[in-house]
């Protein structure tokens, strides 16, 4: 690996972990915000919805801008913009100001995924290894943010939690200024991948539509669970020998559970290279469904145990989804495909914040997990149809997966 490749890996790894961190500070400090602003889960869920929706809606135009301005400029925009927005959130004194600035932060964060994917695919020889490390760093950001943000918030106040992430964003942003854009130095891959024929495109259209539907369902489930899991654990998990506050404890337990998602990502990606990706995708759903419902029925140790199991199977679907998208799209339109993918996953998924906030206020926090478990079940049923469709339309299930 060259010096420039190591630089790309180091900067995108740090930036990816921070990207999910910026978005998830909100979930970690949600109980404190409820007390500070004297409001319910539904109103806070709507505020979170603003950030999460902006994170999704910006994905597709960000993919276009990456081709126009270059990947490194979009990464700069994300890091400095999100850091600046985080500082603005930290000085917010009203719920309205908080909502505006957290939405701005989500918009800046939306520019990252299309840009980093482009940079890694064009700047690394061993792209699979690069994407694997990149994915794990994102999962670590998701897992570590609840405990880091909740501890800072408990010890120094919720505003300091946002400020410390802003400082980290500036630091990584300064390092990213040394990146060299590789967009104009790589050969055009269209000649290698080509475009599908009219007949071939028809074969992939229906599986692609169904896959995008599962993407939206998983995005809703992912966002709903991650937003309210720390708060649910703060309320339902008690460990007497740990003399820490409930908010910090909830964040720590959520972190422990979500860390197992990194293992799920590795296992899901490995199995997708060895077996029919549609089949592994279905089984990841099938095995993960019960644990979401069980979280809502449980307390203490069992909540953590079932959350670990859910995290493993949920995150296993992510590399599998990337593999399937490459399977159903041509090389030429793959960037657009990933733009739509992130739009559905983050954008549509953002509405789970408001929905789950409403359910939590009216019926209790446990109904967040019952409703998200139902969506996970629907996605699982749809994933089963992908097996049936691809067996009929794709005689050789190993085709078009080499660059997944």
Subset of region 284-303 (residues that are surrounded by 19 or more Cβ atoms within 10 Å (Cβ to Cβ) and either over 15 Å from residue 264 (Cβ atoms) or over 22 Å from the mean Cα position of the chain (by Cα) (or both)): 293, 295, 296, 298, 303
Among (1) over 14 Å from the mean Cα position of the chain (by Cα); (2) under 18 Å from residue 84 (Cα atoms), the one test that residue 22 misses: (1)
Close pairs (7 angstrom Cβ cut-off, 6 or more residues apart or separate chains): on the phi < 0 side of the Ramachandran plot and free of Cβ contacts under 8 Å to residues at least 24 places away in the same chain in region 149-165, crowded, with 24+ Cβ neighbours inside 10 Å and part of a helix (DSSP H, G or I) anywhere: 152/161
Selection count where residues are part of a helix (DSSP H, G or I) and at pLDDT 50 or above, scope region 176-225: 28
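The values are calculated or read from the model by the stated rules, or taken from the named source; none is laboratory data. Keep in mind it's a predicted model, so treat the numbers as computed, not measured. Cβ: placed from backbone, ideal geometry, glycine included. Neighbour counts: every protein chain shown.
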